[in-house]
1. With unit charges on the beta carbon (Lys/Arg positive, Asp/Glu negative), name the residue among Ser62, Ile85, Leu169 whose Cα is farthest towards the positive pole of the charge dipole of the stretch 60-196.
2. Is it possible to state the helix-based mean residue ellipticity at 222 nm for the chain, with each DSSP H run of 4+ residues giving -39500 (n - 2.57), the sum divided by total residues, to the nearest 500 deg cm²/dmol? What is it?
3. Can you check what the Kirkwood hydrodynamic radius comes to for the chain, Cα pairs only, in Å to one decimal?
4. Please arrange Asp40, Asp248 by counting, for each residue, the other beta carbons lying within 10 Å of its beta carbon, fewest first.
5. Label points 7 Å out from Cα along the Cβ direction at Ile268 and Ala206: separation in nm?
6. Rank Asn253, Asn26, Asn102 by mean-square fluctuation in a GNM of the chain with C-alpha springs under 10 angstrom and give only the top-ranked residue.
7. Could you give the size of the charge dipole of the chain about its Cα centre, using +1 on the Cβ of each K and R and -1 on the Cβ of each D and E, expressed in debye and rounded to the nearest 20?
8. So if each residue of separation counts as 0.36 nm, and I subtract the Cα-Cα distance between Leu24 and Asn102, what length gain in nm does that give?
Amino acid sequence: MKIKKSIFIQIVILCALIVIFYVLINNLIINLFRTGIGFDFNWILKPASFSMAEHTLPYNSSDSYAWALFNGWLNSLKVIFISLIFSTCLGFIIGFARIRENSFIGIIASIYITVIRQTPLLLQLMFWYFVGFLGLKENMLIYVNSFLKVSNQGIEVPFFTFSSEFLSLLLGLSIFTSAFIAEVIRGGIFSVSYGQWEAFRSLGIAERKGLVKIIIPQALPAIIPGLTSQYLNLAKNSTLAIAVGYSDIYAINDTVINQTGRTIECFIILLSSFLFLNLIITKLMEIINRVILKYKKL
């Protein structure tokens, strides 16, 4: 009887949600047609007629909105995946250092985590952009054997040029996320029973080797879920790129909306893009987690 009642309640709630969703969509469509805006994607192949400060593939103002949005999406992917790598490496280093709570390194790691986590990401991005790069004088150039050039325009390495906007976003996202990843690492390591630490120490195994060979493999199942959450947060936080003038998909969408007035269509594109990216990240992390659990059982 209780099971039937539970199923009935779930059906009622589902039907209510469907009705509410239908009413909202129906009202949206009616209002769009009343105002003469309508709902279509015919505009997407028209010339964009705006320049883009940074683009991964060749682009000019005569190209279509679709090509502009695609370049913006590539810009987003570029900064997201490079930030994922940097933040993970830095997070692991800070997390390992944080384990040694009473040491000088542990204290420094603790201060780093506290300051970064308690400071808004937007403020950090502004710091790196306006103080870190634009704060450099125009005539202030740093050369390293003709290999590296640093200025207020960014960094130039042979064959590669990174704008100050890209670097500000990259540093801001990587450092901010690394502080949260460090805590995920520390929590995962401490989830391993203390008996495991005592066991490898009693066998005369070095602290570093025991940590890498014994503790970390056991901690990974506890680390992966938290790591996945931070990766998803990083991807979503990348939309703050507009604050430093980086041409990511959100910034390009904003420009397209101002020119075409196609708010609904642009937000559908934006939401679909990040939904697709987050599903990929989640799926990859699930695969990694399954591999780790399978390896652990062997």
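1. Ile85
2. Values: 10 runs with 197 residues, N = 298.
Value at 222 nm, helices only, nearest 500: -22500 deg cm²/dmol.
3. Working: mean 1/r = 0.0436 Å⁻¹.
That comes to 22.9 Å for the chain.
4. Details: Asp40 10, Asp248 27.
So the residues, fewest neighbours to most, are Asp40, Asp248.
5. Result for the modelled spin labels: 6.0 nm.
6. Asn26
7. Working: 23 positive and 14 negative charges, 290 e Å.
Rounded to the nearest 20 debye, it is 1400 debye.
8. On the way: separation 78, 0.36 × 78 = 28.08 nm, distance 5.70 nm.
Taking 0.36 nm per residue and subtracting the Cα distance, the gain is 22.4 nm.
Laboratory data are not the source of any read-out in this text; all were calculated from the coordinates shown. Note that the coordinates shown come from a computational prediction; the quantities given were computed from them, not determined experimentally. No Cβ is skipped: glycine too gets one built from the backbone with ideal geometry, and neighbour counts run over all protein chains shown.
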